[in-house]
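The values are calculated or read from the model by the stated rules, or taken from the named source; none is laboratory data. Computed from a prediction, not measured in an experiment: that's the story for all the values here. Here Cβ is always computed from backbone atoms with ideal geometry, including for glycine, and neighbour counts include all displayed protein chains.
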Amino acid sequence: MHVQRWVPGSGFKSRSSLVVLLIFAVAGCSAGDEEPGGRNVPGVDGVSAGSSGAPQDGFGDGPVMGPASTPGQSMIGDDPNLTPAGGSIEPILIDDCGPGNASGVSDADIQLLMAVGTGPLRMLYPYDATVFPRGLLAPLLMWEGDDADAVYVHIKSTHFEYHGCLIPTGPNQVEIPQSVWEDAGARTLGTGDPYSIELSTISGGVTAGPVVIQVTIAQATIKGSIYYNSYSSALGGLGGNVLRIPPGGIAEAFVSNECNGCHSVSADGSRLISQTLGAGGRAYQLTAGGATNPPAMPGAQRIAYAALYPDGSRYLAGYADGTTEVARAALTGAGAPPAAQLFETDTGNMRTATGVPDGAMMPTFSPDGSLLVFTDLALNAAHGLAIVDYDVTTHTGSGYRVLHEDANLRPGWPFVLPDNGGVIFIKTNGGDFSGEGAGLLGLVGLGPIGDLFVVDLDTGTTNILAQAMGYNTPQDAATDNTYLPFGASELHKNYFPTVSPVAAGGYFWVLFDAVRNYGNLGVQRQLWVTAVSISPNRDYTTDRSHPAFYLPGQEFGTGNHRAFAALDACVQDGDDCLTGIDCCGGFCFITDDLPEFAMPIGTCNSEPPSCARKDERCAGDVDCCAPEPGQPADSCIAGYCAFIPVE
């Protein structure tokens, strides 16, 4: 593999500079000196650099797997605290199409791959216009066409270009080398700097393609770890498992010493609660770098689908023990289930006079703890969403108001966006808001309707998250006109939306489970993520979502659902940190005298600086620094300074 620098605008073009590209491909040379070791970019913040070309997923014979993260191999931070400004990023070109290329593609096949193909080719995954964060395993490219003998992948953006001549890693599948994907993420300019991904194949001497899509890589990672539930994990446990995907890593069984499910995780990553078979539920204290199966705390009760307060100190058990049944006992006359109640997490003691309606179902607190949203049984038998203001000093709700009602479908699983501007939720025609087991135990063809929506908190306007679910526009959603490659069979099966508690790269990151095709690997219930563009004025009256991506690192084929992105438990003053989010004190002091792409390890501190940088603690916008001189200051969102692109 050869790495070189080039001036933006003078690099290789896709087909228009075919002669130049052929010269480089056959000769295997570069215009500049090869960097020592092939590259000098460590990667993306807090995530280990995977080995180039190493299998990331292992789809054929078992769970999806990939390289685990390596402690100490830190990557560049979220722009613009540590990433150089756009004009100072040194461009990079990676040429892996010459003689001796890592995959061993022959010179003859390389020359054929460079020509315009004669056969059809259709990209199945990823989707055009997807927005990815930094710090994840590289996406698996999948396409529809003849089985390929070799593949040409060309990735290009303003400061990055890659030419890869690769051998497929599965039938009509090829992995982008992890180190290449990390290099691409290191040089992204974020919104407005799309990456073109071009793919051509050769099969039996016949070329197909190219097919070209564009994706965006945000200038940030999804912070913390992701916890989800599975009832058929191959990683151990007794039936239900709560699994954890650490930053940049792969799934591990986290709470699996008994049958676990219906879990919740606090936004700060300090507490996890999970229902257990026969025991009613348990609460767990999470610590920085904590091991799996942490010891349970005593006294927990009514755990299922409860709303954990952001700091983990309290949880609200919803009506009917928070189950996904629409108050089945009450509707059938079988007796009144228990009302919504508030408990102390560490003791299980119940608190009274909460001001929360007895019929509050599927409740969640906003990431800043100031709001509590829920489906209300009193609204036409759970056909409406409501919200109350929440007072952390008295732990009581007040100011009840209705957010949304639907006479036909039931709204459920509401989740407040971190800026308190909107609420993500689903609408379903089923009595079980979880999808009635669709895809959890292989029953992928079953399940009720489940579609994602957002309601704007200022106006009450409700809009479908069209692009996240497979439509280019809300108008297309009304007619099931989808961009998803397998058509109508992939629609209306979306459940359990949650939102990462902190903004990242100008986006909120919404996790949900969907019964849809993952490329050419078939229909499964798996975890997907959509980027929602942050509105500078908290206006969510339109669809601000983007095409979703498959969450890498999860097990494949196991029926995964209810994913929570939660911050990893904080560390104390004096400990190493990457950003202020890592620190209990809220601030990470990193020297500004760093070479480009150096490992940005700082020291935690609780003493506020003159202004807070991105991902450091704040009480209001006035606390946040400007990204660059002359630019608007960052915004304070859910207690941390965050970048919002100017629109």
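Summary table below
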{"read-out": "Enumeration of residues in the stretch 562-578 that are surrounded by fewer than 23 Cβ atoms within 10 Å (Cβ to Cβ) and outside any loop (DSSP other than H, G, I, E, B)", "value": "571, 576"}
{"read-out": "Only listed residue being touching a residue at least 24 places away in the same chain (Cβ under 8 Å), in a loop (DSSP other than H, G, I, E, B) and buried (at least 22 other Cβ atoms within 10 Å of the Cβ), chosen from 273, 250", "value": "250"}
{"read-out": "Lone unmet requirement of (1) buried (at least 24 other Cβ atoms within 10 Å of the Cβ); (2) free of Cβ contacts under 8 Å to residues at least 60 places away in the same chain for residue 548", "value": "(2)"}
{"read-out": "Flag for residue 114 being within 30 Å of residue 533 (Cβ to Cβ) and either at pLDDT below 90 or not assigned by TED's automatic domain parsing to the domain that holds residue 518 (or both)", "value": "no"}
{"read-out": "Boolean, residue 519 is modelled with pLDDT of 95 or more and more than 16 Å from the chain's Cα centre (by Cα)", "value": "yes"}
{"read-out": "Residue check, residue 480 assigned by TED's automatic domain parsing to the domain that holds residue 386, at positive phi and out of contact with any strand residue (DSSP E or B) (no Cβ under 7 Å at 6 or more places or on another chain)", "value": "yes"}
{"read-out": "Filter result for residue 581 (under 16 Å from residue 500 (Cβ atoms), among the hydrophobic types (A, V, I, L, M, F, W, C) and either assigned to a loop (DSSP other than H, G, I, E, B) or free of Cβ contacts under 8 Å to residues at least 40 places away in the same chain (or both))", "value": "no"}
{"read-out": "Identity of the residue in the stretch 202-216, part of a strand (DSSP E or B) and in contact with a helix residue (DSSP H, G or I) (Cβ under 9 Å, 6 or more places away or on another chain), that ends up surrounded by the fewest Cβ atoms within 10 Å (Cβ to Cβ)", "value": "206"}
{"read-out": "Residue within the stretch 553-561 that is within 18 Å of residue 490 (Cβ to Cβ) and aromatic (Phe, Trp, Tyr) present", "value": "yes"}
{"read-out": "Matching option when the condition is in contact (Cβ under 8 Å) with a residue 12 or more places away in the chain, among the small types (Gly, Ala, Ser) and more than 30 Å from residue 263 (Cβ to Cβ), among 224, 205", "value": "205"}
{"read-out": "Unique match (being among the polar types (S, T, N, Q) and within 26 Å of residue 578 (Cα to Cα)) among 207, 221, 201, 276", "value": "221"}
{"read-out": "Subset of the stretch 167-182 (residues that are under 23 Å from residue 135 (Cα atoms) and in a strand (DSSP E or B))", "value": "173, 174, 175"}
{"read-out": "The one condition in (1) farther than 27 Å from residue 135 by Cα; (2) in contact with a Gly (Cβ under 6 Å, 6 or more places away or on another chain) that residue 314 fails to fulfil", "value": "(2)"}
{"read-out": "Residues of the stretch 217-238 satisfying the condition of being touching a strand residue (DSSP E or B) at 6+ places or on another chain (Cβ under 8 Å) and part of a loop (DSSP other than H, G, I, E, B)", "value": "222, 223, 224, 231, 233, 235, 236, 237"}
{"read-out": "Search result, residues across the stretch 183-198 that are farther than 19 Å from residue 97 by Cα and assigned to a helix (DSSP H, G or I)", "value": "185, 186"}
{"read-out": "Scope the stretch 481-506; condition part of a strand (DSSP E or B) and either free of Cβ contacts under 8 Å to residues at least 40 places away in the same chain or touching a His at 6+ places or on another chain (Cβ under 8 Å) (or both); matching residues", "value": "495, 496"}
{"read-out": "Any hit, the stretch 188-201, residues being surrounded by fewer than 20 Cβ atoms within 10 Å (Cβ to Cβ), at pLDDT below 95 and touching a Lys or Arg at 6+ places or on another chain (Cβ under 8 Å)", "value": "no"}
{"read-out": "Residue check for residue 531: over 15 Å from the mean Cα position of the chain (by Cα), outside any loop (DSSP other than H, G, I, E, B) and at pLDDT 95 or above", "value": "no"}
{"read-out": "Residue list for the stretch 78-101, filter: in a loop (DSSP other than H, G, I, E, B), within 17 Å of residue 161 (Cα to Cα) and at pLDDT 80 or above", "value": "90, 91, 97, 98, 101"}
{"read-out": "Failed item in (1) assigned by TED's automatic domain parsing to the domain that holds residue 486; (2) under 21 Å from residue 286 (Cβ atoms), with residue 588 passing the rest", "value": "(1)"}
{"read-out": "Residues located in the stretch 160-169, provided they are under 25 Å from the mean Cα position of the chain (by Cα) and surrounded by fewer than 24 Cβ atoms within 10 Å (Cβ to Cβ)", "value": "169"}
